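This report concerns only the one structure given below.
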Ligand SMILES: [Zn+2]
């Protein structure tokens, strides 16, 4: 099963190769996978670290920012030496040091409604770890148009959520318009470890999807209340009036976990 991997790779991935749901075939699917991470922040950091370590063959890192001191509280992809460097450059180095078998492609740009389609082109899955609604909407629109599954995460204060959207319902079925009271972590704060929890769940949903293991969060939203130490999972209904997928919906059929 794993003859496609050399001795070092077999040792590197030993704990996954023994898993019934991954094994040699799953590891090959991980190696052949192309996953884009938008936002190398509190969510993108742990997700990127775990996906690189797991052997996802091609990882795209998309973020326009440089590393700041205030990032280090939660963005564990970086350290103090990286302050002032582009996140995609520092991140690519760090990921390469963890797993040189992974190719990391850098996109040092902000995703907008104009470029989102081009940025996600060529990727099988898109992980949205950004923290503003305009960017999330742009990524959602591009993913719906391309038929690309989107793993969405969000954190603020002590609460986080993660969901998977594939065509219909889409993220806009959940959030039709930008909320008037939209919060940002810069204003209301966030506990760094919460990014570790939700970012790791995003990475898990990616791995499950690629290898076809278990039940995807597709069409569902998992909400984690860290203060109460409780989670709940709700189904996201497809909104017939969704501004993105509701009217004239025509994304490719048959998209789903294989
Ligand atoms: Zn929708």
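Coordinate-derived values only; no laboratory data. Keep in mind it's a predicted model, so treat the numbers as computed, not measured. Cβ: placed from backbone, ideal geometry, glycine included. Neighbour counts: every protein chain shown.
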Sum of -39500 (n - 2.57) over DSSP H runs of 4+, divided by residues of the chain (222 nm, nearest 500): -10000 deg cm²/dmol
Shape category assigned to region 1-119 from the gyration tensor of Cα positions, a/c cut at 1.5: prolate
Rounded, prolate or oblate (a/c below 1.5 giving rounded, otherwise prolate when a/b exceeds b/c) for region 83-131 by Cα gyration tensor: oblate
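Please sort 238-245, 40-47 by packing, taking for each peptide the average over its residues of neighbouring beta carbons within 10 angstrom, highest first.
Numbers: 238-245: 16.0, 40-47: 28.1.
In decreasing order of mean packing, 238-245, 40-47 become 40-47, 238-245.
Sort the following peptides by mean Cβ neighbour count (other Cβ atoms within 10 Å, averaged over residues), highest first: 4-11, 90-97. If you can, show how the numbers build up before the last one.
Details: 4-11: 12.6, 90-97: 18.9.
Packing proxy ranking, top to bottom: 90-97, 4-11.
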R0 of 25 Å, Cβ-Cβ distance residue 238-residue 89: FRET efficiency to nearest 0.05: 0.05
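Out of the DSSP beta bridges found with both residues in the chain, what percent are antiparallel (nearest 5)? All intermediate terms of the calculation are to be shown ahead of the outcome.
Working: 19 of 38 bridges.
Of the beta bridges lying entirely in the chain, close to 50 percent run antiparallel.
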Centroid-to-centroid separation of region 113-159 and region 163-206 [C-alpha atoms, Å]: 10 Å
Three-way shape label, region 191-233, alpha-carbon gyration tensor, a/c 1.5: oblate
